[in-house]
Amino acid sequence: MTIQKVEVIDVEAETPGEVSGSAVVVTVAADNGTADTQSLDSAVVTLDAQDGEVGIGTTAGDPAPLTGSLEPGKSATGRYVFMLGSAAGRDVSVSVNYAAGEPVAIFTGKIS
């Protein structure tokens, strides 16, 4: 798994209970370097700010999570959107787990 891009956007609430405001889009790439087909249906991506604020997943901002099966030698891209107040310039951690029981990859850095 790799993080291809992390960017700040403003989203408009689309469903009841959502709010408009600052959000972070995390684009994740999965590459299958094994000889077996891998399921991406249980992939989990989370975002946390260094100060402890948790990014809240939202359906606003056109998320497109990883899903389906990934054939050997193939790659797929997922887009995850998280509400995070005053997102620009914050230090964050992104955790990625493509399947239950598999290792969790943690990426850290500053949102530009």
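The values are calculated or read from the model by the stated rules, or taken from the named source; none is laboratory data. Remember, predicted model here, so these are calculated numbers, not experimental data. Neighbour counts are summed over all protein chains in view; Cβ atoms, including those assigned to glycine, are modelled from backbone coordinates with ideal geometry. Accessible surface is based on the protein model in full, side chains and every heavy atom, while ligands, DNA and RNA are left aside. Shrake-Rupley method; radii C 1.70, N 1.55, O 1.52, S 1.80 Å.
Pull out all pairs, ordered by first then second residue, where Cβ-Cβ is under 9 Å, the residues are six or more apart or on different chains, the first lies in segment 83-104 and is on the phi > 0 side of the Ramachandran plot, and the second is open to solvent by 40 Å² or more (accessible area, probe 1.4 Å) and of a type in the set (Lys, Arg).
GLY89/LYS110
Filter segment 56-112 down to the residues that are more than 13 Å from LYS5 (Cα to Cα) and among the basic types (Lys, Arg) and list them by number.
Those that are more than 13 Å from LYS5 (Cα to Cα) and among the basic types (Lys, Arg): LYS74, ARG90.
Please work out which residue is least open to solvent (accessible area, probe 1.4 Å), limiting yourself to segment 1-27 and to residues that are over 17 Å from ILE56 (Cα atoms) and not charged (D, E, K, R).
Residues of segment 1-27 that are over 17 Å from ILE56 (Cα atoms), as a first pass: 1-5.
Checking the rest, the ones that are also not charged (D, E, K, R) come to 1-4.
Details: MET1: 66, THR2: 63, ILE3: 48, GLN4: 112 Å².
Step by step, filter segment 1-27, then rank; the result is ILE3.
For ALA13, state whether it is among the hydrophobic types (A, V, I, L, M, F, W, C), modelled with pLDDT under 95 and not in a loop (DSSP other than H, G, I, E, B).
Numbers: among the hydrophobic types (A, V, I, L, M, F, W, C): yes; modelled with pLDDT under 95: yes; not in a loop (DSSP other than H, G, I, E, B): no.
No; evaluated as a whole, the condition is false for this residue.
Which residues, counting only those in segment 86-100, are assigned to a loop (DSSP other than H, G, I, E, B) and over 13 Å from VAL25 (Cα atoms)?
SER86, GLY89, ARG90, TYR98, ALA99, ALA100
Just give me the residues in segment 16-27 being without any contact (Cβ under 8 Å) to a residue 60 or more places away in the chain, part of a strand (DSSP E or B) and of a type outside the set (S, T, N, Q), in sequence order.
Across segment 16-27, the qualifying residue is only VAL25.
Output the residues belonging to segment 42-91 that are among the hydrophobic types (A, V, I, L, M, F, W, C), surrounded by 18 or more Cβ atoms within 10 Å (Cβ to Cβ), touching a Phe, Trp or Tyr at 6+ places or on another chain (Cβ under 9 Å) and closer than 25 Å to GLY17 by Cα.
Selection gives ALA43, VAL45, LEU47, LEU66.
Within segment 28-71, which residues are under 10 Å from PHE82 (Cβ atoms), in a strand (DSSP E or B) and not hydrophobic (A, V, I, L, M, F, W, C)?
Of everything in segment 28-71, those that are under 10 Å from PHE82 (Cβ atoms), in a strand (DSSP E or B) and not hydrophobic (A, V, I, L, M, F, W, C) turn out to be THR46, ASP48, GLY57.
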